[in-house]
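The values are calculated or read from the model by the stated rules, or taken from the named source; none is laboratory data. Nothing here was measured: the structure is a model prediction, and the numbers come from that model. Cβ placement follows ideal geometry from the backbone for every residue including glycine, while neighbour counts extend to all protein chains displayed. Heavy atoms of the whole protein, side chains included, go into the accessibility calculation; ligands, DNA and RNA do not. Shrake-Rupley method; radii C 1.70, N 1.55, O 1.52, S 1.80 Å.
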Amino acid sequence: MVKGTRFVEIRDAGDPVALAKRYSDEGADELVFLDITASDERRKTIRELVRGVASVIDIPFTVGGGVSTMEDARNILLSGADKVGINTGAINNPPIITEMMGLFGRQCVVVAIDAKRNYGEPADGGGGPPVMLEDDSGRRFWFEVHTYGGKKGTGVDAIRWARRAQGLGAGEILLTSMDRDGTKDGYDHELTRRVVDAVSIPVIASGGCGHPGDMADVFGATGVDAALAASIFHYQEYGVSGVKRILRDRGVPVRL
């Protein structure tokens, strides 16, 4: 298990099987395992690791990384995962989302979107021109989808892509702000709110959680369905049950 900042500066965070069991025992609602270098290194997600994690948890388990074919998705599910996450493979071949939905069911298909603010000239990477926004200083920008573990900009607008992915058959969107990833500066509310408003399927906010208050804030400000965190749990800054109690006290409905 590793954790980075803005998809770089990767450092070790422990054994994934042991951490998965701990989170499951502590009351996490769901576990997401992303093999972040699988697409970039042109290899498949490690099946043995998926099996190991699935054998020690009793909560929903999403696995992504290196998924480019139906066989890849099938192997992940047969290894014990409940859902398949797909990012690069979906951008490169959008119809695979529909194929996965048709064979496995919409509930198994999680489209992961790694998005980063782009202040440059917009380029139509497919699906129409990007949704242009303004930051606090008046600079115009748009949210660009990145693939291959954040290494490649696609020219695809994240908001439009989320809407298209839903239309193709995605059951959930896992939305990660590359700008906030690992910073502990809080989630990107602008990105999250825009995507939540663009789709009717569940959206998971990811990237930037530094303390439980950040989770409460993103729920309140965006209407997102779930919040993902890594660093605060991996390095035992907070426990899952403690975070849930704080969220409950802040008026966020959670399972305890």
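Quick look at the values:
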| item | result |
| --- | --- |
| Qualifying residue in the stretch 98-109 (condition: touching a Ser or Thr at 6+ places or on another chain (Cβ under 7 Å) and in a helix (DSSP H, G or I)) | no |
| Scope the stretch 105-126; condition crowded, with 18+ Cβ neighbours inside 10 Å and more than 23 Å from residue 62 (Cα to Cα); matching residues | 117, 118, 125 |
| Any chance residue 91 is outside any helix (DSSP H, G or I), touching a strand residue (DSSP E or B) at 6+ places or on another chain (Cβ under 6 Å) and modelled with pLDDT of 95 or more | no |
| The lone exception for residue 256 - which of (1) free of Cβ contacts under 8 Å to residues at least 60 places away in the same chain; (2) under 22 Å from residue 25 (Cα atoms); (3) open to solvent by 50 Å² or more (accessible area, probe 1.4 Å) it fails | (1) |
| Of all residues making up the stretch 137-170, the number that are in contact (Cβ under 8 Å) with a residue 12 or more places away in the chain and either on the phi > 0 side of the Ramachandran plot or assigned to a loop (DSSP other than H, G, I, E, B) (or both) | 8 |
| Test for residue 175: is it part of a strand (DSSP E or B), aliphatic (A, V, I, L, M), open to solvent by less than 50 Å² (accessible area, probe 1.4 Å) and at pLDDT 95 or above | yes |
| Inter-residue pairs, beta-carbon under 8 Å, first under 17 Å from residue 21 (Cβ atoms) and in the stretch 233-247, second open to solvent by 70 Å² or more (accessible area, probe 1.4 Å), 6+ apart | 241/256 |
| Qualifying position, being open to solvent by 10 Å² or more (accessible area, probe 1.4 Å), part of a helix (DSSP H, G or I) and over 22 Å from residue 129 (Cα atoms), among 214, 185, 181 | 214 |
| Among (1) open to solvent by 10 Å² or more (accessible area, probe 1.4 Å); (2) aromatic (Phe, Trp, Tyr); (3) more than 30 Å from residue 57 (Cα to Cα) - the single one residue 143 does not satisfy | (1) |
| Flag if residue 154 is among the polar types (S, T, N, Q), more than 23 Å from residue 29 (Cα to Cα) and either touching a strand residue (DSSP E or B) at 6+ places or on another chain (Cβ under 7 Å) or surrounded by fewer than 21 Cβ atoms within 10 Å (Cβ to Cβ) (or both) | yes |
| Selection count where residues are within 17 Å of residue 228 (Cα to Cα), not in a loop (DSSP other than H, G, I, E, B) and not hydrophobic (A, V, I, L, M, F, W, C), scope the stretch 50-86 | 4 |
| Residue match in the stretch 192-199 (condition: open to solvent by less than 50 Å² (accessible area, probe 1.4 Å) and outside any helix (DSSP H, G or I)) | yes |
| Count of the stretch 221-249 residues which are farther than 16 Å from residue 25 by Cα, polar (S, T, N, Q) and either at pLDDT below 95 or open to solvent by 20 Å² or more (accessible area, probe 1.4 Å) (or both) | 1 |
